[in-house]
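Read the structure below first, then the notes.
The values are calculated or read from the model by the stated rules, or taken from the named source; none is laboratory data. All values reported here derive from a predicted model rather than from experimental measurement. Quick reminder, even Gly has a Cβ in these numbers, built from the backbone with ideal geometry, and neighbours come from all protein chains shown. Heavy atoms of the whole protein, side chains included, go into the accessibility calculation; ligands, DNA and RNA do not. Shrake-Rupley method; radii C 1.70, N 1.55, O 1.52, S 1.80 Å.
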Amino acid sequence: MLNIVLFGPPGAGKGTQSQKLIARYNLVHLSTGDLLRSQITQGTELGLRAKKLMDEGLLVPDEVVIGMIESQLANNTTAAGFIFDGFPRTVPQAQSLDALTQRYDTGVSCMIALEVAEEELVKRLLERGKTSGRPDDQDETKIRKRVTVYNTETAQVAGYYAQQNKFHGLNGIGAIDNIFGQICEIVDQHLPATPVADGQAAADEVKA
């Protein structure tokens with residue numbers, strides 16, 4: 001399986017690049033925010049538990065989020081791989097994800113972080129706020145706080161994956177297709193090896 005953790009601060013273009021990666025590599029998109037909303041809408045046990053916590057103003061614990069991700073892995077065992085969007089955000093979450101994927105005989109292939117300077121992010125989000133309708137895209141103070149939170153959280157997770165030689169930082173400023181090409185160069189380095197058929201292996205041995 002090809003499993004990509006794609007990170008980027010608000011406004012880095014992560015959403016755009018995620019869709020292009022999904023199309024090119026036939027991946028399943030796992031957004032923790034979307035998973036939460038879906039589970040709540042479906043009224044699942046995990047969803048009801050998450051809703052109760054959220055209604056009380058509490059954070060959804062890692063074990064609940066991991067449970068939702070595991071249900072997706074279990075339902076997509078024949079998938080080519082996954083893109084993890086918005087998770088993991090802390091080292092304990094990254095460790096939990098490693099343990100979970102190992103149970104399915106796979107693991108995180110690489111983490112790619114789109115890096116964009118704060119001033120550029122603020123400029124992009126304020127511009128996006130003119131059409132997105134999102135209040136947090138229209139308030140510069142809130143935007144800067146979101147970027148600070150992202151940078152604080154991601155720094156630790158980046159270090160975790162760097163120790164595994166899986167972290168790749170990439171300049172997120174430039175033409176969309178150029179950035180996508182650079183991402184693909186990184187991803188292609190982590191593609192799982194294609195199994196060789198027994199007949200082909202035997203033929204190769206004869207040639208040798």
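The table that follows gives values for the structure above.
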| quantity | calculated |
| --- | --- |
| Where the stretch 2-189 is the region considered: accessible area per residue in Å², 1.4 Å probe | 51 Å² |
| Where labels lie 7 Å past Cα in the beta-carbon direction, separation of Glu127 and Ser31 in nm | 2.1 nm |
| For the chain: Kirkwood Rh in Å [reciprocal of mean 1/r, alpha carbons] | 18.7 Å |
| Cβ-derived FRET efficiency at R0 25 Å, Asp136 paired with Ala74, nearest 0.05 | 0.15 |
| Listed residue pairs exceeding 25 Å between alpha carbons, taken from Lys14/Lys166; Lys14/Lys130; Lys14/Lys123; Lys52/Lys145; Lys14/Lys52 | Lys52/Lys145; Lys14/Lys52 |
| Taking the chain and dividing mean pair separation by its residue count, relative contact order in percent (alpha carbons under 8 Å, at least six apart) | 29 percent |
| The stretch 72-91-the stretch 28-46 distance, computed between alpha-carbon centres (Å) | 13 Å |
| Whole-Hz couplings from phi, Karplus 6.51/-1.76/1.60, listed for the stretch 127-143; x for Gly and Pro | 5, 5, x, 5, 10, 6, x, 7, x, 6, 9, 10, 10, 4, 4, 5, 4 |
| GluC sites (Glu not before Pro) restricted to the stretch 32-106 and DSSP loop, no more than 13 other C-beta within 10 Å | Glu56 |
| Solvent exposure, largest accessible area first (probe 1.4 Å, DNA, RNA and ligands not counted), of Arg103, Arg134 | Arg103, Arg134 |
| HN-Hα J in Hz across the stretch 180-188 - Karplus 6.51, -1.76, 1.60, θ = phi - 60°, x for Gly and Pro | 4, x, 5, 5, 4, 4, 5, 4, 4 |
| Share of carbon and sulfur in the accessible heavy-atom surface of the stretch 51-203 [1.4 Å probe, %] | 52 percent |
